[in-house]
1. Determine whether R55 is modelled with pLDDT under 65 and not hydrophobic (A, V, I, L, M, F, W, C).
2. Only residues in the range 128-141 that are in the same structural domain as L156 (by TED's automatic domain parsing) and in contact (Cβ under 8 Å) with a residue 12 or more places away in the chain count as the first member; pair them with residues that are of a type in the set (K, R) and assigned to a loop (DSSP other than H, G, I, E, B), Cβ under 8 angstrom, at least 6 apart or cross-chain, and list the lot.
3. Of all residues in the range 156-176, which are touching a Leu at 6+ places or on another chain (Cβ under 7 Å) and under 15 Å from G86 (Cβ atoms)?
4. Just name the residue that is surrounded by the most Cβ atoms within 10 Å (Cβ to Cβ) out of those in the range 54-77 that are farther than 16 Å from V152 by Cβ, of a type outside the set (K, R) and touching a helix residue (DSSP H, G or I) at 6+ places or on another chain (Cβ under 9 Å).
5. Taking R105, is it among the basic types (K, R) and either under 21 Å from S53 (Cβ atoms) or at pLDDT 95 or above (or both)?
Amino acid sequence: MKGSKLGRMVATVIDPGTYAHPIRLLHFYGYSHIRPRRRLTLGQGATIAPNVSLRNGERIFIGARTRIGERAYLWAGDDKGVIRIGEDCRIGPEVFITASDYGLRPDENIADQERNERNVTIGSDVWLGARVFIAAGVTLGDGCVVSAGAVVTRSLPPGCVAVGVPARIVRRREDYAKNGGDEATKDQARAETAE
């Protein structure tokens, strides 16, 4: 086991992409996140936490000033599934966005089935709380807010606030100001979530 870990570490040190994150040498656990970053499209001022997992970076497009949080996963499809994130978005820690999933045919092992790849589009000014899951084929309109832990399996219209598993719309952002601002809106959202 030590030999294989040492071998991976030596191979990683030789890879010039490793030097993009020299602090990783102090806390080695794998560097699969580095190579795809060279191919993804990143808008001006966008930031990605160093331990974000990216798959098929050539099909990931991140808009200007968007921030991707710690331990997030952006997994584009192997052949055609694209992930497109707009400008000024906030993607929380441990968010999982995938542009593919497996089939469910009972006559074939799931791992042997061809993946279904569908694009994921996240509009501008979207906020995804911690541990949100976005399924393949979903489109989130501009200005959406998705609360922590929600599972989004269907597209959401612009300006909505969604919570739960599966995610459901509980309000619109424009209602926020009408209902007294921060505390009143948070109290109402908590009550609706508890139902």
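1. So R55 fails the test.
2. From residues that are in the same structural domain as L156 (by TED's automatic domain parsing) and in contact (Cβ under 8 Å) with a residue 12 or more places away in the chain, the pairs are A136/R118; G137/R118; V138/R154.
3. L156
4. Across the range 54-77, the extreme among qualifying residues is A76.
5. no
The values are calculated or read from the model by the stated rules, or taken from the named source; none is laboratory data. Nothing here was measured: the structure is a model prediction, and the numbers come from that model. Every residue, glycine as well, gets a Cβ built from its backbone with ideal geometry; the counts of neighbours run over all protein chains shown.
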